[in-house]
């Protein structure tokens, strides 16, 4: 999404502006919108609004129901306004690694204070409505630094990440006449561990099997890590109790299985900030005679399971003729009795 400012009457009414919420994607109609002026909801639902603005106002929009994905704020006037724009809305990083969370900000008057904080740490603040600098939080002690290599850009770096660091992070500044209240979303960080998953096992022939191992995290999509969290990583595969590398790359395909391939495998991701290893995954290679033995065992089990069924069917087939004979004899006796009864009745009538 993007908020576009149009000067409707620049000479007669310089502060009267038309602002439109636009998207590069086709959005279904009708839609309801949310508008933020200096990050405060101004209760307007149209895709375009016209009103008087202050020259230092910042404006942002979002689709109703998707307030977590607002457009970057833009200045209504031609001069600097109060804004904070985050480089990434979400970042996924490896446990034990480091992460950079950045934003670009501007303010109309000199800032008297600026810092990063996390709303999830509000239970540690003296007053829950007054955010506190992460650098004073004991949980982040010695692991957090704020970097400002250029004006108007701030970067929060967190080292030696733990799963407890998974949270939303905000940048806050305050001047003598304005305070950025952080009602808009910040950057959400997810910390995960590397995992080895077997993506496929294929029987190529009766005596040959191929397996593919994949080194990934629980990040989505497809277990990819954010570039803000880790510069491009190189993946290497190892087998436990063996220091030599077995393969490189995020995927490891083992073909032409042999007994010596059995064992536990793990992957290692390495970049300029360090290296991290995954948990191991055990593979058991079954080839040659072992496959034949397995097939014999499976066939034997199938036969053993069929024997009780065959015995039951045999017993039922023997029982059925006996019941038929018994029923036939009973029917013959009934007919004979009826015949005798009729004969006796006839004799009586003659007398």
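What follows draws every value from the coordinates through simple rules; no lab data is involved. Owing to the predicted nature of the structure, the values given are computational and were not obtained by experimental measurement. Positions of Cβ are generated from backbone atoms using ideal geometry, with glycine treated the same way; all protein chains shown enter the neighbour counts.
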The stretch 82-192: Cα Rg divided by the 2.2 N^0.38 Å rule of thumb: 1.03
Solvent-free Debye scattering, log10 I(q)/I(0), computed from the Cα coordinates of the stretch 107-172 at q = 0.17, 0.23 Å⁻¹: -0.64, -1.09
Reciprocal mean inverse distance between Cα atoms of the stretch 1-79 - Kirkwood radius, Å: 12.7
Relative packing of peptides 259-268, 121-130, 52-61 - highest average C-beta neighbours within 10 Å first: 52-61, 259-268, 121-130
For the stretch 139-180, the fraction of alpha-carbon pairs in successive 5 Å shells from zero, as %: 5, 15, 23, 23, 16, 12, 5, 1
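Quote the Stokes-Einstein diffusion coefficient, in whole µm² s⁻¹, for the stretch 1-146, based on the Kirkwood radius over alpha carbon pairs, a temperature of 10 °C and a viscosity of 1.306 mPa s.
Numbers: Rh = 17.8 Å.
In µm²/s, the coefficient is 89.
Counting other C-beta atoms within 10 Å, which of 181, 114 has the fewest, and how do the rest follow?
181, 114
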